[in-house]
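The values are calculated or read from the model by the stated rules, or taken from the named source; none is laboratory data. No experiment lies behind these values; they were computed from the predicted model shown. Glycine gets a Cβ as well: all are built from the backbone with ideal geometry, and neighbour counts include every protein chain shown. With ligands, DNA and RNA removed, areas are computed over all heavy atoms of the protein, side chains included. Shrake-Rupley method; radii C 1.70, N 1.55, O 1.52, S 1.80 Å.
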Amino acid sequence: MTNADTRSRLLGGVRLMLLSALLLAGVGAIGRLIGLVALTTALGPTAYLLLAHPESVTARLRTAVAGHALAIAVALACLAVFGLWTHPSVAERHQDTAGQIGAQALAVGLTLFLLHLCNAHHPPAAATSLLITSGICRPGPALYGLLVGLALVLAIAPLLTSATSRPARGGDG
C-alpha cells in the first residue's frame, strides 16, 4: 500500500466516522426531542451501507426501504402468530422463551426469503426483524422510535453522502 493509498483510506475513514457520528447523534437528539428512543441497533449497519457504499445495491433507497418495511411487517405478523404482542422483551426477562425463539427464527427466515424474492437485498433488515420479535422494539413507543430512526437515517444519509462525496479517482473501495 502506497502513502497515497494510506492517506486516502485514512481520510475516507475519518469522513465515515464524522458523518456517521453526526447522523446518529442527530437521530438520537431528534428522538429525544419528540420523546422516543429513535437510535436503535438496526441503524448502525444501515448508516454504514448508505454512507460507506452508496453505490451498492444493498444501499439503494428502494432496497433499504423495502427491506425494513418487509422486516417490520413479517416481525409484527410473527408476534401476532406466536401470541407475543405484549409479551415482555428478552431484555426484561433476561432470557427468551421457546415462543420468542420461534418467532425470531421465523421472522428472520421469512424476511430473508422476501428480500430475495423482491430483489431487495438489505442485510440490516434482519436486525429489524430481531429487534421487533425479541420484544425490544415491540408495538408501541419502542416501535415508533425505530420507525422514526429508520426514516431519518434513510432520508438524511444519502444527503450527507452526496454533499460530502468527491469524484472517484478509482480503486480505493
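A few notes on this one:
- Stokes-Einstein diffusion coefficient of the stretch 1-85, Kirkwood radius over Cα pairs, 20 °C, 1.002 mPa s, in µm²/s: 140
- Put a dot 7 Å past the Cα of LEU159, heading toward its Cβ, do the same for GLN95, and the two dots end up 4.7 nm apart.
- Relative contact order (%) - criterion: Cα under 8 Å, at least six apart; region: the chain: 33
- Applying 1/(1 + (r/R0)^6) with R0 = 30 Å to the Cβ-Cβ distance of VAL37 and ASP5 gives a FRET efficiency near 0.15.
- Derived scalar couplings between HN and Hα for the stretch 74-81 equal 5, 5, 5, 5, 5, 4, 5, 4 Hz in order, rounded to whole Hz, by the Karplus curve 6.51 cos²θ - 1.76 cosθ + 1.60 (θ = phi - 60°), x for Gly and Pro.
- Ligands, DNA and RNA are left out, and with a 1.4 angstrom probe the accessible area of the stretch 1-135 is 53 Å² per residue.
- Paramagnetic reach from TYR48 (point 7 Å along Cα→Cβ, amide N under 13 Å) across the stretch 125-163: 125, 127
- Carbon + sulfur, % of accessible area of the stretch 4-80 - ligands and nucleic acids excluded, 1.4 Å: 72
- Added length on full extension, which subtracts the Cα-Cα distance from 0.36 nm per residue, LEU61 to PHE113: 16.8 nm
- Evaluating 6.51 cos²θ - 1.76 cosθ + 1.60 at θ = phi - 60° for every residue in the stretch 93-108, the Karplus couplings come out as 7, 6, 6, 10, 8, 4, x, 5, 4, x, 5, 5, 5, 5, 4, 5 Hz, glycine and proline recorded as x.
- Structure-based [θ]222 nm, the chain - -39500 (n - 2.57) summed over DSSP H runs of at least 4, per residue, nearest 500: -23500 deg cm²/dmol
- In the chain, the alpha-carbon atoms span a convex hull of 128 Å³ per residue.
- Treating each Cα of the stretch 57-120 as an identical point scatterer and summing with the Debye formula, the log10 of I(q)/I(0) at q = 0.14 Å⁻¹ comes to -0.45.
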